[in-house]
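The values are calculated or read from the model by the stated rules, or taken from the named source; none is laboratory data. This one's a predicted model, so the numbers in the text were calculated from it and none came from an experiment. Note: ideal-geometry Cβ built from the backbone for every residue, glycine included; neighbour counts use all protein chains shown. Side chains are part of the model used for accessible areas, which takes the heavy atoms of the whole protein and leaves out ligands, DNA and RNA. Shrake-Rupley method; radii C 1.70, N 1.55, O 1.52, S 1.80 Å.
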Amino acid sequence: MTTANASSPGTEKPGASKINGIAVAAAVVLLLIAGLLIGRQWFGPGATGPSTDTAAIGGPFTLVDHDGQTVTDETFLGSYVLLYFGYTYCPDVCPASLARNRQVLDILGEKADGIVPVMVSVDPARDTPDLLKAYVPHFHPKMVGLTGTPEQVAEAARAYKVYFARVGEGEAEDDGTYLVDHSAFTYLVGPDGDYIQHFSHTMGAEAMAAKIADLL
Ligand code: NI
């Protein structure tokens, strides 16, 4: 590092030790990424597919709906639920996922009559029932928005193996412009309250509708 330090900033050429340092840093980053991928495979619903670990996904929750009423997993018994975890300030993935889910229900037509689209907020600090009430009709007239205390939301997310975390916690939190990093699966839950299948946010509406038609 001494040769590099001797050069003026901006024009320095990496010395051998600096290249070694970069190689080590790159190896550490690769290991971290590998660890994250393995972690998601083991603990997330994503990579392994639903057939091997369906029992691990889903479970009881208590939340508040967009009318301020207490809602539990039992509230939806008797209906299929198309369940998504997101937040109203999400700039991209949530609106795209919810619009795709709307398309899915439109494609299913009458078959979708027994399906309730639901969004659980992973940003309960900002997503009040009133805010959800204004947001969800943009994506479906039947859509139910759910929020709750941070503990209630964490419990629901845990049940469905949903990862979420504020980005830029701290200063960004003060001006209310923070983002929330979150997994973006949509879950199909059966009339008995049991998890059936989950869908990536990248899946097309036609393919997803065909799959759900098979599962109903
Ligand atoms: Ni989002």
Only one of D181, D123, D127 is out of contact with any helix residue (DSSP H, G or I) (no Cβ under 7 Å at 6 or more places or on another chain) and without any contact (Cβ under 8 Å) to a residue 40 or more places away in the chain; which? D181
With respect to Y163, determine if the residue is in contact with a helix residue (DSSP H, G or I) (Cβ under 9 Å, 6 or more places away or on another chain), within 16 Å of the ligand (Cβ to nearest atom) and without any contact (Cβ under 8 Å) to a residue 60 or more places away in the chain. no
With respect to A154, determine if the residue is of a type outside the set (K, R) and surrounded by 14 or more Cβ atoms within 10 Å (Cβ to Cβ). yes
By residue number, the members of the stretch 75-133 that are open to solvent by 40 Å² or more (accessible area, probe 1.4 Å) and within 16 Å of the ligand (Cβ to nearest atom) are Y89, P91, D92, V93, A96, A99, R102, A125, L131
Return the total of residues in the stretch 65-74 being β-branched (V, I, T) and open to solvent by 50 Å² or more (accessible area, probe 1.4 Å). 1
